[in-house]
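A short worksheet on the structure shown next.
The values are calculated or read from the model by the stated rules, or taken from the named source; none is laboratory data. Keep in mind that what you see is a predicted model, and the values were worked out from it rather than measured. As a convention, Cβ positions derive from the backbone with ideal geometry for all residues, glycine included, and neighbour counts pool all protein chains shown.
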Amino acid sequence: MHIFLSGLSGWVVALLLPLTIALALSRGRTTQLGIGRFRFQPPMGLHYRLGFAIAALAFAHALIATGSGLALRAGTAGIYLATGALALVFVQLFLGLLLREPSLRRALWPLR
């Protein structure tokens with residue numbers, strides 16, 4: 001059961017990453033719908049929610065893999081790569097929070 005949950009969470013994260021990136025990149029482009037001047041921009045709220053979901057699923061994936069002993073079967077290079085990838089996911093989440101909420105930027109760097 002642990003192998004199934006670990007594999008499933010890993011694949012879901014791998015599939016959500018390009019979707020989240022595409023949402024953010026398509027934000028700069030506007031497309032016209034139908035006749036007139038109506039413009040459609042993808043909602044950034046979905047991008048934000050997917051970012052939190054990716055971080056939670058990546059953490060759950062690491063927790064399941066290390067807690068059940070599945071990580072012991074992997075080589076040390078794989079463990080180091082996975083640790084770095086998890087750290088980058090949380091760095092991206094932190095940067096997203098800073099970009100989304102300007103008051104956090106003022107609280108972290110009061111002297112400008």
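Details
- Across the range 32-50, the qualifying residues are those that are modelled with pLDDT of 85 or more and aliphatic (A, V, I, L, M), and the one among them that is farthest from Pro18 (Cα to Cα) is Leu46.
- One residue alone among Ala65, Ala53, Ala60 is at pLDDT below 85 and either within 16 Å of the chain's Cα centre (by Cα) or part of a helix (DSSP H, G or I) (or both), and that residue is Ala65.
- Verdict on Thr20 being assigned to a helix (DSSP H, G or I), surrounded by 12 or more Cβ atoms within 10 Å (Cβ to Cβ) and at pLDDT below 85: no
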